[in-house]
1. What's the percent breakdown of Cα-Cα distances in region A:12-168 across 5 Å bins, shortest bin first?
2. Sorted from largest to smallest, which semi-axis lengths in Å does the alpha carbon gyration tensor of region C:198-257 give for its equivalent ellipsoid, taking the root of 5 times each eigenvalue?
3. For the protein assembly as shown, what is the Kirkwood hydrodynamic radius in Å, using each pair of distinct C-alpha atoms?
4. Could you check the simple spin-label distance between C:SER281 and A:ALA69, using points 7 Å along Cα→Cβ, in nm with one decimal?
5. If I take every Cα pair under 8 Å that is 6 or more residues apart in region A:45-110, average their sequence separation and divide by the length, what percent do I get for the relative contact order?
6. What does region A:111-204 give for Rg and for Dmax, in Å, if only its C-alpha atoms count?
7. I want to make sure I understand the PRE zone here: with the label point 7 angstrom from the Cα of C:LYS319 toward its beta carbon, which residues in region B:10-49 have backbone N atoms less than 17 Å away?
8. Before anything else, pin down the relative contact order of region A:1-129: Cα pairs under 8 Å, at least 6 apart, normalised by residue count, whole percent.
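Just so you know, all these numbers are worked out from the coordinates, no wet-lab data involved. Quick caveat, the model's predicted, so the values are computed rather than measured. In this analysis, Cβ positions are derived from the backbone assuming ideal geometry, glycine residues included, and neighbour counts consider all displayed protein chains.
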Amino acid sequence: MSAASTTPPSTPRSKSWTVKVREKGVEALPPERLLPDGQPTYVASWIYVFGVASIASLIVIIASGTILALKGPAWWHETSVGHFFNSIHMWSVELFFFVMVVHLWGKYWMASWRGGRGRVWVTGAITFLVAVPAALTGYVSQQNFDAQWISTQAKDAMNSVGVGAFFNLTNFGQMYSYHILLLPIAVVALVSVHVLLVRRNGVVPPFELEQRVALTSAGAPPEPNGSPQAPTGGGVPRAATGEQS
Amino acid sequence: MGFVDAMGAVFNLDHPAHTVDWNFIHLSVANVVVIGLMLIVFVLAILLPFPGAAARDAARRGGGAS
Amino acid sequence: MSLVGPKDRTKPWKGPYAPYDLVKELCIAVGVIALLAVLLTVLLSSPDDPPSTIAQWSHELPADFATTAAKELNGTSDTAEYGPPYNHSSGSVQHFIFLHPQRWLGVSHPIDTAEDYVVKPLETVPNDPVLQSALAEYKAAPETQKKEWSEAYAKPLEEYSEAVEEKKAPPATVSVDTTTGAVTVHTSGAGPVPTMMASLQSLAQSGGLEGGLVSSSAFFQTDYTKPLLFMADGGLLAERAEGQHLLGEQWGLMNETGSYPGQPWLWLYALWYQVEPMKESPNADIQVLLIMGLLSVAFISIPFIPVINRIPRWIPIYKLIWREHYREISGA
């Protein structure tokens, strides 16, 4: 076998956008940080599973929604298999909001925005707020009595703030397009940024107790094991005198 | 366009909802159940022990090898 | 992020790590959620109340249909008097102090209720010389005459509707044939309008009106605004909604048909509609949406809001969450 390299030659670094994007990406999220195989020992509560449960619910929503989209919007009214998948879609939405709100409660009571993680909170909050119209567009796309009622009532709210002029709840074609394409893209994009920020910053450390000594570097693994560095905060651990945030 | 009933459901929820009424608050029983379950699940999530304590103890004692 | 402020002394974690398989966790989570969704489906299924149709409306509530159609013709229905985005009236135009976004965004989905709901659908009815003559007479008349005719027809119907609602004896000027659903208004001075309305009722009962309203401008259509607004101007949808606890005063926007869970996450949005001054205000929607808009911005900004961002420190639920960690430290 030839010893020739199989990778293409690099272009001059200073000019290449590709190199710049790649280097920025790898710097922010080296593989061990993107997919670490360890977590700090304080990650020791069931409250931590509600984030991944939210992602799991979103996956089930999209999977069941994809099947409904494959067969078209009338299918679920006409066959029991269609109704079955519609039911899965509806219950996975209920589960999604259920676990997402429990996740939100947990993150609030842990003040998970600390240590430079403000954007994690912001992207998570916006995800929730975008999920609400994603659900609304689904409700008005059902093509049943519920859709008739919700669209004719909620249109007054949309119209009152001028949004109704370009977002017409009684326009099935528009609402269906928002529901199966535009808003899922928005939710998935927001969740992706949110998760990448969590991977970059690491899971927020516990509050320091008053007059306690923070766990020092004794026993901490070397860098390749995937120990993320928070972007702010001092480098050398020192005795805590009580944290104020 | 035919409409398939809530076919095969073990429990038929296709009847007008009962409501929980208090002062000016009127919530459907189903919604109250969901909200109540959320609170219960939140409390349980915080209180129930999380598996892997042995591995975490080993990491604390032995230097965190993964 | 420096916006959190200089007091945030959260230090990067330098302590130990334990093995944690994120990919396996995600797979398990997807399995559990999928299983839960299937279980709920098998146990409870999901609601699917069939939609109301204009044909049903004209059969089940013929007087209500006729009254609504008459009001569309004489421009006094909710849609006719709505305002933007449907027309230039002002019956449902909301504002908040100097904010008039509904008016600013203008008429983007024009609806002429007399033309769209009465005249144009009737023009599609073939082989009816009596109707065609009545239509011709109506269209040739000046606006004031049209208004006089349509009001002469609508007034007895409105009186009939009020009497039925107040459970009083209905006036003799309106008779409803319970077999055929035909509504006859005994009035003079209504010109060709009674003939037009009788044909409209037949067209509605035959099912021809919904198709006509949807595809009035094009063969392919996905916009149901016209038939939906027409039905919402009448009482059928509201009657069904009340039975399903979907009305505003029933906190309906949180609810689903049947006994299924609805949208419990809308609790705060629903709550504002039940409190003064929003409860009785004609501008309730814009008021509530502005409040929710502000609260949404606050929700996003919790990390940066003083006091709010301190509460988790003051109410130490975190001591329960991280109790194993704190136990370790106190033992160290």
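1. The calculated distribution, bin by bin, is 2, 7, 11, 14, 13, 13, 12, 10, 8, 6, 2, 1, 0.
2. Numbers: eigenvalues 153, 46, 13 Å².
In descending order the semi-axes read 28, 15, 8 Å.
3. Values: mean 1/r = 0.0352 Å⁻¹.
With all distinct Cα pairs of the protein assembly as shown included, I get 28.4 Å.
4. Going by the 7 Å Cα→Cβ label model, 3.9 nm.
5. Numbers: 52 pairs, mean separation 32.8, N = 66.
Here the relative contact order equals 50 percent.
6. In order Rg, Dmax, the Cα atoms of region A:111-204 give 16.5, 49 Å.
7. Taking a point 7 Å out along Cα→Cβ of C:LYS319, the residues of region B:10-49 whose backbone N falls under 17 Å are B:46-47.
8. On the way: 60 pairs, mean separation 29.7, N = 129.
Value for region A:1-129: 23 percent.
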